[in-house]
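One structure below.
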Amino acid sequence: MSTDQVRQAYASVADLYIELFGTREQVHPDDLAFIGRHLTGRPGPVLDLGCGPGHLTDHLRSLGVDATGIDVVPEFIAHARATHPSGDYRLGSLHDLDVADHSVAGILAWYSLIHLPPQRLDGVLTTFRRALTPSGALVLGLFSGDEVDAFDHKVTTAYRWPVDEISERLTRAGFTEVERLERPDGGPHRPHYAIAATAAQRVPTTQE
């Protein structure tokens with residue numbers, strides 16, 4: 001699934017997506033607490049990558065975080081700027097972060113990796129690690145499964161990931177898991193989880 005395909009798929013349902021998911025009140029309180037626990041109190045900028053309508057960026061900013069929302073979908077960025085005018089929202093891709101190495105205190109990628117083909121995940125995690133300061137925080141939200149597999153997401157093809165495999169891939173990319181929050185299938189919601197990690201003091205070399 002290319003970035004252009006994901007952009008087009010979300011642009012085609014942007015208004016409905018914003019209606020269904022575009023406020024912090026539509027986020028589970030445990031998820032908000034998890035995000036806040038790992039991304040507040042850190043000096044320096046925090047990036048909300050795949051910020052969508054911007055509600056989680058705004059939530060972080062309400063907690064005193066210097067958060068910037070980044071998304072590839074122009075309709076989402078326009079909504080975020082109009083709804084949260086004091087915030088900073090920019091068009092951009094998580095594949096090509098326009099930031100200096102080791103300059104970011106935290107990254108939130110809340111269900112923004114779900115459409116990423118599995119063979120591209122390690123490269124993106126390495127990009128995240130190089131953007132983060134030593135001990136910088138990374139928070140991910142993902143759908144869970146017993147194995148890596150694609151499924152028919154309502155917008156476009158998405159992937160489930162076993163949480164232990166994500167943890168292993170984070171380790172290889174230079175992170176240390178610090179907490180996970182797993183939520184089993186409940187009603188209309190698919191099994192999913194959040195995982196938080198911190199950047200190791202030393203960036204792994206390509207030979208490691």
Give the range 144-177 a look and list any residue that's surrounded by 15 or more Cβ atoms within 10 Å (Cβ to Cβ), in a strand (DSSP E or B) and not hydroxyl-bearing (Ser, Thr, Tyr), or say none.
-> 158, 160, 175, 177
Residues being surrounded by fewer than 21 Cβ atoms within 10 Å (Cβ to Cβ) and either of a type in the set (Val, Ile, Thr) or touching a Cys at 6+ places or on another chain (Cβ under 9 Å) (or both) - total across the range 22-49 = 3
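If you go through the range 120-143 one residue at a time, how many are part of a strand (DSSP E or B) and under 14 Å from residue 110 (Cα atoms)? Can you show your working first?
Residues of the range 120-143 part of a strand (DSSP E or B): 132-143.
Narrowing the set further to residues that are under 14 Å from residue 110 (Cα atoms) leaves 137-143.
Here the count works out to 7.
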Among what's in the range 72-92 and is aliphatic (A, V, I, L, M) and farther than 17 Å from residue 24 by Cβ, pick the residue that is nearest to the chain's Cα centre (by Cα).
-> 72
Only residues in the range 101-117 that are at positive phi count as the first member; pair them with residues that are of a type in the set (S, T, N, Q) and part of a strand (DSSP E or B), Cβ under 7 angstrom, at least 6 apart or cross-chain, and list the lot.
-> 102/133
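The rows are residues; the columns are (1) under 17 Å from residue 138 (Cα atoms); (2) out of contact with any helix residue (DSSP H, G or I) (no Cβ under 7 Å at 6 or more places or on another chain); (3) touching a residue at least 40 places away in the same chain (Cβ under 8 Å).
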position: 50; (1), (2), (3): yes, yes, yes
position: 54; (1), (2), (3): no, no, no
position: 59; (1), (2), (3): yes, no, no
position: 79; (1), (2), (3): no, no, yes
position: 85; (1), (2), (3): no, yes, no
position: 89; (1), (2), (3): no, no, no
position: 95; (1), (2), (3): yes, no, yes
Any residue in the range 1-14 that's surrounded by 14 or more Cβ atoms within 10 Å (Cβ to Cβ): show its pairings with residues that are polar (S, T, N, Q) at Cβ separation under 8 Å, as long as the two are six or more apart or on different chains.
-> 1/156; 1/157; 3/93; 6/156; 9/156; 10/156
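If a residue has to be among the small types (Gly, Ala, Ser) and without any contact (Cβ under 8 Å) to a residue 60 or more places away in the chain to count, how many in the range 131-167 make the cut? Give the derivation first.
Just the residues of the range 131-167 that are among the small types (Gly, Ala, Ser), to begin with: 131, 135-137, 141, 144-145, 150, 158, 167.
Going one step further and asking which of them are without any contact (Cβ under 8 Å) to a residue 60 or more places away in the chain, we end up with 144-145, 150, 158, 167.
Summing the residues that are among the small types (Gly, Ala, Ser) and without any contact (Cβ under 8 Å) to a residue 60 or more places away in the chain in the range 131-167 gives 5.
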Sole residue being modelled with pLDDT of 95 or more, within 21 Å of residue 28 (Cβ to Cβ) and surrounded by 21 or more Cβ atoms within 10 Å (Cβ to Cβ), chosen from 52, 69 | 69
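The values are calculated or read from the model by the stated rules, or taken from the named source; none is laboratory data. Treat the numbers as computed from the prediction; the structure is a model and nothing was measured. Cβ: placed from backbone, ideal geometry, glycine included. Neighbour counts: every protein chain shown.
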